[in-house]
Amino acid sequence: MPGKMSDQSQLPFQDANHDSESKEETIGRVVRVLPDVGGIDRPFDYLVPSSWLADGRDKNLQVGSRVRIPFGPRRVAGWVVEDYVDPPKEVKLRELTKISGMGPSSEMIQIARWVSYRWAGKLSSVLKTASPLRNIDRLPASPPDAVIGAKPPIWAIEALEKPKRVLRMPPNEEILPLIKAAIRTGDALVIVPSIEMSKSLTDDLKRIGIPVSLMPHQWAEATVGGVVVGTRSAVFAPVRKLGAILIFDEHNETLQEERMPTWHAREVAIERARRAEVPCVLISPTPSLEALQWGELQKFPKNHESESWAEVQIIDRREENPSRPGLLSDALVPLIRAKGENPTICILNRKGRSRLLACSHCGELVKCEDHQVPLIQDKDEMLLCTVDGVRQPSLCIRCGSTRFKNLRAGISRLREEIEALARQSTVEITSETKAADVTGCKLFIGTEAALHRFKKASQVIFLDFDQELLARRFRANEQALSLLAQASRLVGPKGSDGKIVIQTRQPDHEVLQAAVNGDPELLSESEKERRRILNLPPFSAQAEISGASAEIFMNSLGKPEGIQIMGPRDGSWLVQAPNSEYLAELLHKTERPSGRLRIQVDPQNI
DNA sequence: CGGACAAGCTGA
DNA sequence: CAGCTTGTCCGG
């Protein structure tokens with residue numbers, strides 16, 4: 001490609017009468033730059049200043065470089081996305097201002113392009129994620145090679161033998177052996193769901209002499225070698241000689257970006273590994289259907305897996321006398337009074353202030369038999385299904401009673417009730433709760449987020465697990481089981497002194513059966529069939545369209561063949577296509593109106 | 001995104 | 001009609 005330019009520079013004559021800005025003028029090296037400016041997603045061409053050729057600065061310029069450019073009346077940052085381009089004749093080029101530092105490799109820019117297409121968002125947002133936090137103009141020295149210790153266990157070696165692997169790893173299994181196995185293939189890229197986990201894993205690896213870079217801060221170190229560890233954005237990290245990609249807790253929703261484009265680290269990892277021709281291992285105690293659909297499942301021996309899940313005690317709230325209403329059953333009292341070595345954590349999800357009804361007589365939960373969602377009572381005392389709006393008389397399907405009670409409770413009053421009942425101080429865990437507030441305290445209440453604030457617990461008590469089981473999201477079952485897997489980690493495997501306690505009116509629910517038996521297949525098999533029948537992901541692809549301009553966008557989208565459109569509900573539409581390729585193509589060719597438009601591809605909470 | 005410029009609104 | 005707000009366009 002550079003040849004084109006030298007042909008022009010060897011033109012024998014310049015017409016002296018021509019305007020100095022004539023197109024016939026000698027053109028040097030031209031690069032295409034994507035400005036790092038929100039609201040712009042189009043590249044512009046710039047000349048590399050001829051003075052850079054003289055002092056050798058041009059040598060540092062390549063695809064991916066971070067540069068500064070004059071842009072209209074101001075100067076902005078940008079990325080070189082193409083080199084030695086043939087600019088359109090009619091534009092007058094301006095010169096690059098300077099090279100700010102290193103940026104993503106050209107391979108990474110290709111992946112970023114794919115991401116911006118797949119999730120219908122701006123390339124510049126993806127490139128920002130793939131770039132170092134601060135300008136980097138020189139790289140540190142390469143780390144020494146990792147000391148390859150004893151042979152890792154067979155299961156870890158096997159996990160890396162297939163290009164597309166789903167490893168169903170029991171909740172209390174160690175992850176280090178897998179990383180030790182992975183570094184035999186080259187530099188491993190390891191994605192974990194939380195910052196805390198990325199820090200502790202980095203420390204663990206350092207301790208055993210494995211060179212490791214923690215993203216996003218150690219971008220430069222990652223470039224020169226060793227294991228690379230980080231949360232979802234690290235899936236775009238530079239890796240010297242990529243050997244394998246490991247995604248821990250592949251089911252976790254924190255692996256999806258919440259800003260546009262709403263890319264998922266699991267899917268990006270799969271694509272990156274495919275392009276680099278290295279194995280990708282998706283690891284989870286409760287693999288997502290997306291993962292199971294994609295790769296080859298590897299399990300642990302049944303007994304081993306089952307024993308790794310915690311002991312589960314179920315409190316069937318249908319069976320107790322109705323004298324103690326609310327969330328605190330009689331059976332709970334001795335449990336919250338017990339003083340274990342580690343804390344007891346009570347979990348109650350306040351999100352989605354659902355009006356949950358239960359029969360006053362038998363305690364059965366009032367739900368729609370067709371859609372498995374809670375029914376609500378309307379003004380005429382009829383039971384209303386919130387999915388299809390079908391009404392039915394207020395009758396309990398179990399005992400025929402016509403009286404129902406409301407099961408809601410506020411969390412601060414609940415904390416007081418628990419404190420009184422437990423006869424020990426109880427602390428509510430919120431995002432503001434500091435470590436200092438909890439010293440000496442052994443009893444806590446919080447939302448499911450509290451599960452990530454502790455390393456160990458003697459008991460995790462789900463005060464109202466039906467809220468999880470009946471949540472109106474199609475992934476509710478998967479999410480509910482993953483909560484129990486997380487709780488299993490806190491309280492330890494069967495045989496340790498910790499346990500999970502679950503208050504429910506649906507003790508036979510398949511999520512609970514899966515947890516009690518330590519066998520996620522008891523859920524995943526039926527869940528897969530349900531999703532297939534209802535044509536939900538992974539058997540289809542969805543996008544949620546919202547924002548002020550959503551209606552205009554939906555109008556120009558029209559009603560294409562094979563596309564299902566639902567809504568509007570609260571100003572947002574759901575577009576469902578047979579697969580993500582089809583969906584991406586559709587969103588791409590639909591004209592974007594000006595104004596606020598949010599396109600959430602693969603929405604999690606539908 | 002943010003500056004430039006145009007078109008629309010207000011008050012004397 | 002100056003002085004200000006709101007809208008639309010454009011950047012190499």
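The values are calculated or read from the model by the stated rules, or taken from the named source; none is laboratory data. Bear in mind the structure is a predicted one, so any value in this text is a computation, not a measurement. All Cβ positions, glycine included, derive from the backbone under ideal geometry; neighbour counts span all protein chains shown.
Out of the residues in the range A:111-139 that are loosely packed, with under 13 Cβ neighbours inside 10 Å and not hydrophobic (A, V, I, L, M, F, W, C), which is nearest to DNA strand B (Cβ to nearest atom)?
Only one residue tops the list, namely A:Arg134.
Considering the range A:61-72 alone, what residues qualify as being more than 16 Å from DNA strand B (Cβ to nearest atom) and either surrounded by fewer than 17 Cβ atoms within 10 Å (Cβ to Cβ) or over 37 Å from the mean Cα position of the chain (by Cα) (or both)? Quick ask: steps written out before the conclusion?
So the first thing to find is which residues in the range A:61-72 are more than 16 Å from DNA strand B (Cβ to nearest atom), and the list is A:61-67.
Hit for the range A:61-72 is A:Gln62, nothing else.
Just to verify a result, which residue in the range A:79-91, among those that are surrounded by 15 or more Cβ atoms within 10 Å (Cβ to Cβ) and away from DNA strand B (no atom under 16 Å from the Cβ), is modelled with the lowest pLDDT? Spell out the reasoning first.
Initially, the range A:79-91 is screened for residues surrounded by 15 or more Cβ atoms within 10 Å (Cβ to Cβ), giving A:79-85, A:87.
Those still in the list that are away from DNA strand B (no atom under 16 Å from the Cβ) too: A:80-85, A:87.
On the way: A:Val80: 98, A:Val81: 98, A:Glu82: 97, A:Asp83: 97, A:Tyr84: 97, A:Val85: 95, A:Pro87: 92.
The residue in question is A:Pro87.
Does A:Asp58 satisfy the criteria of being buried (at least 17 other Cβ atoms within 10 Å of the Cβ) and away from DNA strand B (no atom under 16 Å from the Cβ)?
yes
Starting from the range A:330-346, take each residue that is touching a residue at least 24 places away in the same chain (Cβ under 8 Å) and list its partners that are in a loop (DSSP other than H, G, I, E, B) and surrounded by fewer than 17 Cβ atoms within 10 Å (Cβ to Cβ), counting only C-beta distances under 6 angstrom and pairs at least six apart or across chains.
From the range A:330-346, the pairs are A:Asn342/A:Lys456.
Out of (1) closer than 23 Å to A:Glu250 by Cβ; (2) not in a helix (DSSP H, G or I), what's the single condition that is false for A:Ala449?
Answer for A:Ala449: the failing condition is (2).
Among the small types (Gly, Ala, Ser), assigned to a helix (DSSP H, G or I) and at pLDDT 95 or above, is that true of A:Ser213?
Details: among the small types (Gly, Ala, Ser): yes; assigned to a helix (DSSP H, G or I): no; at pLDDT 95 or above: yes.
So A:Ser213 fails the test.
For residues in the range A:547-564 being outside any loop (DSSP other than H, G, I, E, B) and of a type in the set (Gly, Ala, Ser), which is surrounded by the most Cβ atoms within 10 Å (Cβ to Cβ)? Explain how you work it out, then say what you get.
First, pick out the residues of the range A:547-564 that are outside any loop (DSSP other than H, G, I, E, B): A:550-557, A:564.
Next, only the ones that are of a type in the set (Gly, Ala, Ser) stay: A:550, A:556.
Values: A:Ala550: 22, A:Ser556: 11.
Among those residues, the one meeting the criterion is A:Ala550.
Quick one: count up the residues across the range A:347-363 that are surrounded by fewer than 18 Cβ atoms within 10 Å (Cβ to Cβ) and either at negative phi or modelled with pLDDT of 75 or more (or both).
Keep residues of the range A:347-363 that are surrounded by fewer than 18 Cβ atoms within 10 Å (Cβ to Cβ), which gives A:350-353, A:355, A:360-362.
This time we only want the ones that are either at negative phi or modelled with pLDDT of 75 or more (or both), so: A:350-351, A:353, A:355, A:360-362.
Count: 7.
If A:Pro171 satisfies all but one of (1) of a type outside the set (Ser, Thr, Tyr); (2) buried (at least 24 other Cβ atoms within 10 Å of the Cβ); (3) under 20 Å from A:Ala276 (Cα atoms); (4) touching a helix residue (DSSP H, G or I) at 6+ places or on another chain (Cβ under 6 Å), what's the number of the condition it fails?
Exception for A:Pro171: condition (3).
Just the residues that are assigned to a helix (DSSP H, G or I) and over 20 Å from A:Cys280 (Cα atoms), please, taken from the range A:216-248.
Residues of the range A:216-248 that are assigned to a helix (DSSP H, G or I), as a first pass: A:219-224, A:232-236.
Answer for the range A:216-248, where residues must be assigned to a helix (DSSP H, G or I) and over 20 Å from A:Cys280 (Cα atoms): A:Trp219, A:Ala220, A:Glu221, A:Val224.
Filter the range A:426-457 down to residues that are surrounded by fewer than 21 Cβ atoms within 10 Å (Cβ to Cβ) and polar (S, T, N, Q) and give me whichever is nearest to A:Ser288 (Cα to Cα).
A:Thr447
What are the pairs with Cβ atoms under 6 angstrom where one residue, in the range A:37-62, is farther than 17 Å from A:Val85 by Cβ and the other, located anywhere, is outside any helix (DSSP H, G or I) and within 16 Å of DNA strand B (Cβ to nearest atom)? Sequence gap at least six, or different chains.
A:Val37/A:Val76; A:Asp41/A:Lys122
Report, by residue number, each residue of the range A:85-106 that is more than 14 Å from DNA strand C (Cβ to nearest atom) and either hydroxyl-bearing (Ser, Thr, Tyr) or not in a strand (DSSP E or B) (or both). Please lay out each step first, then the result.
From the range A:85-106, those more than 14 Å from DNA strand C (Cβ to nearest atom) are A:98-106; that's our starting set.
Within the range A:85-106, A:Ser100, A:Met102, A:Gly103, A:Pro104, A:Ser105, A:Ser106 qualify.
For the range A:565-596, give me the residue count where each residue is surrounded by fewer than 18 Cβ atoms within 10 Å (Cβ to Cβ) and assigned to a loop (DSSP other than H, G, I, E, B).
10
Check A:Arg266 against each of (1) touching a helix residue (DSSP H, G or I) at 6+ places or on another chain (Cβ under 8 Å); (2) crowded, with 17+ Cβ neighbours inside 10 Å; (3) in contact (Cβ under 8 Å) with a residue 40 or more places away in the chain; (4) farther than 19 Å from A:Arg184 by Cα and name the one condition it does not meet.
Answer for A:Arg266: the failing condition is (3).
Take the range A:29-55 and flag every residue that is surrounded by 12 or more Cβ atoms within 10 Å (Cβ to Cβ) and away from DNA strand B (no atom under 16 Å from the Cβ). Show your work before the answer.
First pass over the range A:29-55, keeping only residues surrounded by 12 or more Cβ atoms within 10 Å (Cβ to Cβ): A:29-37, A:40-41, A:43-50, A:52-53.
Result: A:Arg29, A:Val30, A:Val31, A:Arg32, A:Asp45, A:Tyr46, A:Leu47, A:Val48, A:Pro49, A:Ser50, A:Trp52, A:Leu53.
State all residues of the range A:36-78 that are near DNA strand C (Cβ under 9 Å from one of its atoms), in a loop (DSSP other than H, G, I, E, B), over 20 Å from A:Ser125 (Cα atoms) and modelled with pLDDT of 95 or more; if no residue qualifies, say none.
Within the range A:36-78, no residue meets the criteria.
In the range A:177-196, which residues are over 15 Å from A:Gly149 (Cα atoms) and surrounded by 20 or more Cβ atoms within 10 Å (Cβ to Cβ)?
Kept after step one, since they are over 15 Å from A:Gly149 (Cα atoms), are these residues of the range A:177-196: A:187-196.
Selection gives A:Asp187, A:Ala188, A:Leu189, A:Val190, A:Ile191, A:Val192, A:Pro193.
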